[in-house]
Amino acid sequence: MTFKWKDYRAKSAARYKLMTLDADEFVRRFLIHVLPDRFHRIRHYGLLANANRAANIALARRLLGAPDPAPTTEETDGAEGAQANEEWNTCPCCGGRMVIVEIFEPGCQPRLWPVPAIGLDSS
């Protein structure tokens, strides 16, 4: 089976590519995206649903007693400063944007400990 797919890492016309797979492999890859019975896709539901996101986040912060985030300001207006900020928060492994979750002083414990993964493997 041959199908067209979009490579989001590539730019320009080389973004669209053709892939040929065995029928069994295509069905296996397709079924990875099918949820089991009684499961519901939650992409557009919950606390971070687009329609209520700002209100829900504000409510969660208030209930948790977390301070409101400080308004972001650009320290520099030049392109050089923007490039430096971009390099500072770029992941060295994947190149994605890193987000600061918490800053704490040396020798202090973090306020929020990471939640352990459930251990579901969809592969």
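When nucleic acids and ligands are ignored and a 1.4 Å probe is applied, residue 22 ends up with an accessible area of around 110 Å². Evaluating 6.51 cos²θ - 1.76 cosθ + 1.60 at θ = phi - 60° for every residue in segment 31-37, the Karplus couplings come out as 5, 4, 8, 8, 7, x, 4 Hz, glycine and proline recorded as x.
If R₀ is 30 angstrom, what is the calculated FRET efficiency for the pair residue 59 and residue 94, using the beta carbon separation as r and rounding to 0.05?
Details: r = 32 Å, r/R0 = 1.07.
With a Förster radius of 30 Å, E is 0.40.
Residues whose amide H lies under 5 Å from that of residue 90, counting only those 5 or more places away or on a different chain, are 98; hydrogens are built 1.01 Å from N in the peptide plane.
A probe of 1.4 angstrom, applied to the heavy atoms of all protein chains, finds residue 1 with accessible area near 110 square angstrom. Taking label positions 7 Å along the Cα-Cβ direction at both residue 14 and residue 34, the computed distance is 3.6 nm, reported to one decimal.
The values are calculated or read from the model by the stated rules, or taken from the named source; none is laboratory data. Computed from a predicted structure; not experimentally measured. All Cβ positions, even for glycine, are placed from backbone atoms using ideal geometry, and neighbour counts span all protein chains on display. These area figures cover heavy atoms from the full protein model, side chains too; ligands, DNA and RNA do not enter into them. Shrake-Rupley method; radii C 1.70, N 1.55, O 1.52, S 1.80 Å.
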